[in-house]
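One structure is given below, encoded as structure tokens.
The values are calculated or read from the model by the stated rules, or taken from the named source; none is laboratory data. Everything numeric here is computed off the predicted structure, so don't read it as measured data. Cβ placement follows ideal geometry from the backbone for every residue including glycine, while neighbour counts extend to all protein chains displayed.
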Amino acid sequence: MKLQGVVFDWAGTIVDHGSRAPVAALQDVFAGAGVAVTVAEARLSMGIAKKDHIRCILELQRVTEEWRRKRGVAPAETDVETLYAEFVPKQTQCLGRFSGAIAGVPETFEGLRSRGVRIGSPPATRDRCSSFSLTAHANRASRRTAQFVPEMCREVAALRRGCAT
């Protein structure tokens with residue numbers, strides 16, 4: 001059986017090695033709420049849904065105590081909702097700083113395409129990419145990345161329309 005397609009997650013797989021955009025966004029959101037979190041605290045629950053991730057950070061003893069000290073009450077579910085609502089656009093804003101293709105990815109895509117393999121990404125990735133243009137970052141990046149990243153977004157847009165590359 002011939003390989004027909006490959007589905008790639010983007011965050012930490014194709015772009016943003018180290019998942020720096022969500023860490024930066026989480027730190028910004030918590031700082032805005034008056035409670036700074038460390039990179040280590042922001043990374044502890046990396047990989048789970050972001051609303052749950054925020055909840056886990058708020059449950060950390062140091063963060064809970066600092067929240068209580070700054071705000072006079074322990075964090076509540078309404079705080080999770082508020083922080084999450086602030087996180088989503090903040091992460092999109094952070095993507096421009098951390099959206100470079102990871103080394104070897106453009107060559108991997110070229111190799112797959114040359115063999116006729118279609119490339120896709122999960123729905124959440126396609127949805128996020130449609131609301132964020134990586135072109136501005138690509139203009140600041142290497143020539144190879146500058147050619148690759150907008151091409152990835154075109155592929156994502158085609159997948160959103162039900163097409164495949």
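Listed residues THR92, THR108; which is more than 19 Å from the chain's Cα centre (by Cα) and part of a helix (DSSP H, G or I)?
On the way: THR92 fails: more than 19 Å from the chain's Cα centre (by Cα).
Within the list THR92, THR108, the selection yields THR108.
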From the option list ALA85, ALA158, ALA103, single residue qualifying as in a helix (DSSP H, G or I) and modelled with pLDDT under 80 is ALA158
Answer yes or no: is there a residue in the range 18-36 that is in contact with a Gly (Cβ under 7 Å, 6 or more places away or on another chain), under 30 Å from ALA103 (Cα atoms) and among the hydroxyl-bearing types (Ser, Thr, Tyr). yes
- Message: PHE8 - would you say it is under 22 Å from the mean Cα position of the chain (by Cα) and at pLDDT below 85?
- Response: yes
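Being more than 19 Å from ASP9 (Cα to Cα), modelled with pLDDT under 95 and in a helix (DSSP H, G or I): is that true of ALA21 here? Talk me through it step by step, then tell me what you get.
On the way: more than 19 Å from ASP9 (Cα to Cα): no; modelled with pLDDT under 95: yes; in a helix (DSSP H, G or I): yes.
When the stated conditions are applied, ALA21 does not pass them.
May I ask you to verify whether GLY34 is at pLDDT below 95 and either under 29 Å from SER121 (Cβ atoms) or more than 14 Å from the chain's Cα centre (by Cα) (or both)?
Details: at pLDDT below 95: no; either under 29 Å from SER121 (Cβ atoms) or more than 14 Å from the chain's Cα centre (by Cα) (or both): yes.
Considered against the rule, which asks whether it is at pLDDT below 95 and either under 29 Å from SER121 (Cβ atoms) or more than 14 Å from the chain's Cα centre (by Cα) (or both), GLY34 comes out as no.
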GLN27: passes all of (1) within 16 Å of THR92 (Cα to Cα); (2) in the same structural domain as THR82 (by TED's automatic domain parsing); (3) at pLDDT below 95 but (3)
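For ALA42, indicate whether it is among the hydrophobic types (A, V, I, L, M, F, W, C) and within 17 Å of VAL88 (Cβ to Cβ). Talk me through it step by step, then tell me what you get.
Values: among the hydrophobic types (A, V, I, L, M, F, W, C): yes; within 17 Å of VAL88 (Cβ to Cβ): yes.
Yes: the conditions hold for ALA42.
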